[in-house]
């Protein structure tokens, strides 16, 4: 069973609010990822990290920001939420320094609705 | 660049029917290939994987063979159950050094009793 957790599972928030989506893993994985999943199910990589103090933007431009101060923690922040940010956000991690073909472990996701 | 193409859904089958979900890929190197499953309201879970050509991944009655000559990794199951209803994603691990995963668009499977 994967040990990667996301909180909250569901969040409904008003426009303009600042929010932070939490993601933590207890597997000691170096690499962590945030995906945005649209209603059509497609996954879009928005941020990733190769380790502490390393963050990169993904393939889909996002107004969110991330930080990686501790190995186990990879929070995503929206400074001012808008209805266009309404989506499912999935966090994932992979193991292996120098190993690139290991499986990705996913959290259960946060479904964000901005009203 | 690297990419994954999988058949569009939804796929609707009766219980005990045979399942095939097609997946093809393009990659510059020698990727590993994966099938993930997403049940309603959940994150993705690894279903099976294959790391080199001609490898067959299998799990829970599902199988997929890494075919380098046809750049394919089709998912099959001989007899589906209602509990297999979910969304299935084909994926590859991208060029070494980037540690990024490329996902297909997902195929929704609905199995009717």
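Just so it is clear, none of the values below were taken in a lab; they were calculated from the coordinates. Since this is a predicted model, take the numbers as computed values, not measurements. Every residue, glycine as well, gets a Cβ built from its backbone with ideal geometry; the counts of neighbours run over all protein chains shown.
Structural remarks
- Chain B shape via C-alpha gyration tensor axes, a/c threshold 1.5: prolate
- Within a Gaussian network of chain B (alpha carbon springs, distance under 10 Å), most fluctuating of B:62, B:34, B:18: B:18
- Peptide A:31-41 has a mean of 3 when you count, residue by residue, the C-beta atoms of other protein chains within 10 Å of its C-beta.
- Using the Stokes-Einstein relation with a Kirkwood hydrodynamic radius computed over Cα pairs, the translational diffusion coefficient of segment A:28-79 at 4 °C and a viscosity of 1.567 mPa s comes to 114 µm²/s.
- Listed residues A:12, A:52, A:66, most fluctuating in chain A (Gaussian network, C-alpha, under 10 Å): A:12
- Highest average packing first - A:85-94, A:40-49, Cβ atoms within 10 Å: A:85-94, A:40-49
- Share, in percent, of DSSP beta bridges within chain A that are antiparallel, nearest 5: 90 percent
- Chain B: most fluctuating residue of B:24, B:70, B:51 per GNM, C-alpha cutoff 10 Å: B:70
- Cα point-scatterer Debye curve for the protein assembly as shown, base-10 log of I(q)/I(0) at q = 0.15 Å⁻¹: -1.00
- All Cα-Cα distances of segment B:19-61, cut into 5 Å bins from zero to the largest, leave 5, 17, 26, 26, 16, 7, 3 percent in each bin in turn.
- Distance between segment B:26-68 and segment A:5-83 - C-alpha centres, whole angstrom: 25 Å
- Note on segment A:1-105: Cα Rg divided by 2.2 N^0.38 Å, N the number of residues, gives 1.05.
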